[in-house]
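S.K.: Sharing a structure here in structure tokens format.
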């Protein structure tokens, strides 16, 4: 269990649903499916709390395999990376159109660099390679935005 990663996934999930609403795609789903999708992460958290030590703060914040400083780095990294969704969400709310502004990609690069640093200390190759690949995509998108602004 890695609290830093779980936190980011939880926040990003609900912002994704809001983007579907802004794109007017959310209502394409049956109302029962929408309710399930909204409740699913909460149900999973309740189930985990009931059947394990998920909400045992010691297991979340005092994992013997993760030093405190590394846990804090992971949390800061994930919050930074997840903030890109919050930034995108706020920007989309202002324009009333779901879009990915330049700031989204810049925050993505910064967050990915922090997560890569975290993954190196955690010896987590999946986290490392997924964010290395992401940096190339985020940088490419920054380049395209820069080129389009010059035109």
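S.K.: Among the residues that make up the stretch 14-33, is at least one of them more than 18 Å from residue 85 (Cα to Cα), surrounded by 12 or more Cβ atoms within 10 Å (Cβ to Cβ) and touching a helix residue (DSSP H, G or I) at 6+ places or on another chain (Cβ under 9 Å)?
M.R.: Yes, some residue in the stretch 14-33 is more than 18 Å from residue 85 (Cα to Cα), surrounded by 12 or more Cβ atoms within 10 Å (Cβ to Cβ) and touching a helix residue (DSSP H, G or I) at 6+ places or on another chain (Cβ under 9 Å).
S.K.: List pairs: first in the stretch 114-135 and in contact (Cβ under 8 Å) with a residue 24 or more places away in the chain, second loosely packed, with under 14 Cβ neighbours inside 10 Å and in a loop (DSSP other than H, G, I, E, B), Cβ under 7 Å, 6+ apart or cross-chain?
M.R.: none
S.K.: Going by the structure shown, is residue 44 closer than 30 Å to residue 129 by Cβ and either in contact with a helix residue (DSSP H, G or I) (Cβ under 6 Å, 6 or more places away or on another chain) or touching a residue at least 60 places away in the same chain (Cβ under 8 Å) (or both)?
M.R.: no
S.K.: Further question: Can you pull out the helices (runs of 4 or more DSSP H) entirely within the stretch 41-126 that have at least 1 residues that are within 13 Å of the chain's Cα centre (by Cα), at pLDDT below 90 and surrounded by 12 or more Cβ atoms within 10 Å (Cβ to Cβ)?
M.R.: The helices (runs of 4 or more DSSP H) meeting that bar are 68-95.
The values are calculated or read from the model by the stated rules, or taken from the named source; none is laboratory data. Model, not experiment: these values are computed from the prediction. Counting neighbours? That spans all protein chains shown, and the Cβs are built from the backbone with ideal geometry, glycine included.
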